[in-house]
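First the structure, which I've put down as structure tokens, then a few questions once you've had a look.
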Amino acid sequence: MLPVQHSTIIREEALRLGFMHCGFSKADFLEEEAPRLEQWLSQQYQGKMSYMERWFDKRLDPRLLVPGAKSVVSVLLNYFPDRELEGSPRISKYAYGRDYHFVIKEKLKELMESIRTRIGNVEGRAFVDSAPVLDRAWAKRAGLGWIGKSSNLIHPKAGSFFFIAELIIDLETEPDAPMKDYCGTCTRCIDACPTQAIVAPQVVDGSRCISYFTIELKEQLPAGFENKFGDWMFGCDVCQDVCPWNRFSSNTVEKDFQINPALENKNAADWIEMTEEVFGKFFRESPLQRPGLEAIKRNVRFISPPGEMQQE
């Protein structure tokens with residue numbers, strides 16, 4: 001069987017499993033990204049995310065993660081909701097439903113099984129934002145979009161509200177051609193960022209990003225950023241919401257990404273008064289588990305006037 005046939009089969013199976021797009025690239029060293037990553041780290045843009053400093057070589061060469069790797073299979077999974085949650089505080093759209101790590105890992109496991117059934121003995125690993133893999137770089141190489149000025153991957157027919165994941169396998173596939181950058185002179189994402197975290201086109205100072213503050217930072221929120229978070233309690237979608245390409249976003253059909261009913265009509269007081277027992281019951285497999293309830297309460301206190309945290 002030829003590499004192009006391998007690609008055809010894998011793409012068919014990926015689309016059958018609900019992935020919106022699937023692309024292929026050769027598993028080799030990311031030469032173009034190496035100096036960019038080094039410079040990004042040297043500027044301390046990772047903030048307190050020390051895990052970004054580890055496994056530098058593995059981030060750039062998938063063959064160090066999967067011995068014998070020949071191909072990187074990149075997939076996109078749409079999470080754009082059919083409506084936004086109403087009220088305040090606000091939550092990033094990707095966290096409306098079940099944690100994507102669970103959803104995508106299950107799909108990638110099934111995809112790997114399908115590949116072995118249709119092609120034969122293939123070895124590899126699945127990656128869902130849980131190992132040193134530069135997801136966007138591989139998706140770009142696989143022709144699934146370009147890196148926008150916000151540093152998000154943008155697909156011309158799907159916008160940017162999707163998850164990226166990979167299979168790194170020891171099977172030769174037919175690589176896809178990279179896509180042209182269509183951002184042009186638009187700077188809406190840079191202009192709209194509430195904390196000026198987009199310091200240059202395609203360069204985000206992670207230590208200034210609202211998503212970093214509300215999800216990754218474990219300590220007190222910096223005083224200098226009061227009144228800059230808007231009403232974002234968890235994550236931030238501003239740079240994506242203003243992107244013209246997201247007019248092409250379509251509603252997800254993935255049931256696990258439908259809005260968790262427990263998120264409906266929650267105000268600041270509801271979050272402040274929530275117990276760990278209630279949080280664990282309704283958000284057991286939610287992305288909100290990453291920061292945890294105490295950090296969420298910290299975020300709510302930071303963005304909410306005292307009166308909003310009192311029961312009416």
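The values are calculated or read from the model by the stated rules, or taken from the named source; none is laboratory data. The shown structure was predicted, so the numbers you read here are calculated from the model rather than taken from an experiment. Heads up, the Cβs are rebuilt from the backbone with ideal geometry, glycines too, and the neighbour counts pull from every protein chain shown.
Residue check: is residue 285 touching a Lys or Arg at 6+ places or on another chain (Cβ under 6 Å), surrounded by fewer than 17 Cβ atoms within 10 Å (Cβ to Cβ) and more than 28 Å from residue 185 (Cα to Cα)?
Here the answer is yes, as residue 285 does meet what is asked.
Of 304, 249, which residue is of a type in the set (S, T, N, Q), touching a helix residue (DSSP H, G or I) at 6+ places or on another chain (Cβ under 7 Å) and under 25 Å from residue 206 (Cβ atoms)?
Result of the check over 304, 249: 304.
Before we move on, is residue 256 in a helix (DSSP H, G or I) and more than 17 Å from the chain's Cα centre (by Cα)?
no
Part of a strand (DSSP E or B) and surrounded by 17 or more Cβ atoms within 10 Å (Cβ to Cβ), is that true of residue 168? Spell out the reasoning first.
Numbers: part of a strand (DSSP E or B): yes; surrounded by 17 or more Cβ atoms within 10 Å (Cβ to Cβ): yes.
Considered against the rule, which asks whether it is part of a strand (DSSP E or B) and surrounded by 17 or more Cβ atoms within 10 Å (Cβ to Cβ), residue 168 comes out as yes.
A further question follows. Looking only at the stretch 77-118, count how many residues are of a type in the set (Phe, Trp, Tyr) and either at pLDDT below 95 or not in a loop (DSSP other than H, G, I, E, B) (or both). Walk me through how you get there before you give the answer.
Within the stretch 77-118, the subset of a type in the set (Phe, Trp, Tyr) is 79-80, 94, 96, 100, 102.
Keeping just the survivors that are either at pLDDT below 95 or not in a loop (DSSP other than H, G, I, E, B) (or both) gives 94, 100, 102.
Residues flagged as of a type in the set (Phe, Trp, Tyr) and either at pLDDT below 95 or not in a loop (DSSP other than H, G, I, E, B) (or both) within the stretch 77-118 amount to 3.
Answer with yes or no whether residue 74 is buried (at least 17 other Cβ atoms within 10 Å of the Cβ), within 17 Å of the chain's Cα centre (by Cα) and not in a helix (DSSP H, G or I).
The answer is yes for residue 74.
Another question about this same structure. Residues of the stretch 40-71 being surrounded by fewer than 17 Cβ atoms within 10 Å (Cβ to Cβ), among the small types (Gly, Ala, Ser) and over 19 Å from the mean Cα position of the chain (by Cα), which ones?
42, 68
Under 8 Å by Cβ, and 6 or more places apart or on different chains, what pairs join a residue from the stretch 183-197 that is in contact (Cβ under 8 Å) with a residue 40 or more places away in the chain and outside any loop (DSSP other than H, G, I, E, B) with one that is of a type in the set (Gly, Ala, Ser) and surrounded by 15 or more Cβ atoms within 10 Å (Cβ to Cβ)?
Note: pairs meeting the criteria are 189/148; 189/150; 190/150.
Mind checking which residues of the stretch 77-125 are surrounded by fewer than 15 Cβ atoms within 10 Å (Cβ to Cβ) and in contact with a Lys or Arg (Cβ under 8 Å, 6 or more places away or on another chain)?
84, 87
Here is a yes/no grid of residues against (1) within 26 Å of residue 80 (Cβ to Cβ); (2) touching a residue at least 12 places away in the same chain (Cβ under 8 Å); (3) out of contact with any Leu (no Cβ under 7 Å at 6 or more places or on another chain); (4) surrounded by fewer than 18 Cβ atoms within 10 Å (Cβ to Cβ):
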{"site": "207", "(1), (2), (3), (4)": "no, yes, yes, no"}
{"site": "226", "(1), (2), (3), (4)": "no, yes, yes, yes"}
{"site": "229", "(1), (2), (3), (4)": "yes, yes, yes, no"}
{"site": "245", "(1), (2), (3), (4)": "yes, yes, yes, no"}
{"site": "249", "(1), (2), (3), (4)": "yes, yes, yes, no"}
{"site": "262", "(1), (2), (3), (4)": "yes, yes, yes, yes"}
{"site": "270", "(1), (2), (3), (4)": "yes, no, yes, yes"}
{"site": "281", "(1), (2), (3), (4)": "no, no, yes, yes"}
{"site": "290", "(1), (2), (3), (4)": "yes, yes, yes, yes"}
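Can you pull out the residues in the stretch 17-39 that are charged (D, E, K, R) and within 22 Å of the chain's Cα centre (by Cα)?
Listed by number, the residues that qualify are 32, 33, 36, 38.
In the stretch 135-152, what residues are buried (at least 24 other Cβ atoms within 10 Å of the Cβ), within 14 Å of residue 182 (Cβ to Cβ) and aliphatic (A, V, I, L, M)?
144
To continue, here is another question. Return yes when residue 298 is in a helix (DSSP H, G or I), in contact (Cβ under 8 Å) with a residue 24 or more places away in the chain, among the basic types (Lys, Arg) and loosely packed, with under 14 Cβ neighbours inside 10 Å and no when it is not.
No; evaluated as a whole, the condition is false for this residue.
Among what's in the stretch 8-55 and is of a type in the set (A, V, I, L, M) and assigned to a loop (DSSP other than H, G, I, E, B), pick the residue that is farthest from residue 107 (Cα to Cα).
Ranking the candidates gives 49 first.
Based on this model, can you work out whether residue 213 counts as out of contact with any Pro (no Cβ under 6 Å at 6 or more places or on another chain), of a type in the set (Phe, Trp, Tyr), more than 30 Å from residue 156 (Cβ to Cβ) and crowded, with 21+ Cβ neighbours inside 10 Å?
When the stated conditions are applied, residue 213 passes them.
Quick check: is even one residue across the stretch 74-94 farther than 30 Å from residue 303 by Cβ and free of Cβ contacts under 8 Å to residues at least 40 places away in the same chain? Quick ask: steps written out before the conclusion?
The initial filter retains those residues of the stretch 74-94 that are farther than 30 Å from residue 303 by Cβ, namely 74-76.
Those left that are additionally free of Cβ contacts under 8 Å to residues at least 40 places away in the same chain: none.
The answer is no, given that none of the residues of the stretch 74-94 is farther than 30 Å from residue 303 by Cβ and free of Cβ contacts under 8 Å to residues at least 40 places away in the same chain.
Here is a follow-up. Return a yes/no flag: does the stretch 183-204 have any residue that is closer than 28 Å to residue 3 by Cβ and surrounded by fewer than 18 Cβ atoms within 10 Å (Cβ to Cβ). Can you show your working first?
Step one: of the stretch 183-204, the residues closer than 28 Å to residue 3 by Cβ are none.
Checked against the condition, which is being closer than 28 Å to residue 3 by Cβ and surrounded by fewer than 18 Cβ atoms within 10 Å (Cβ to Cβ), the stretch 183-204 yields no hits at all.
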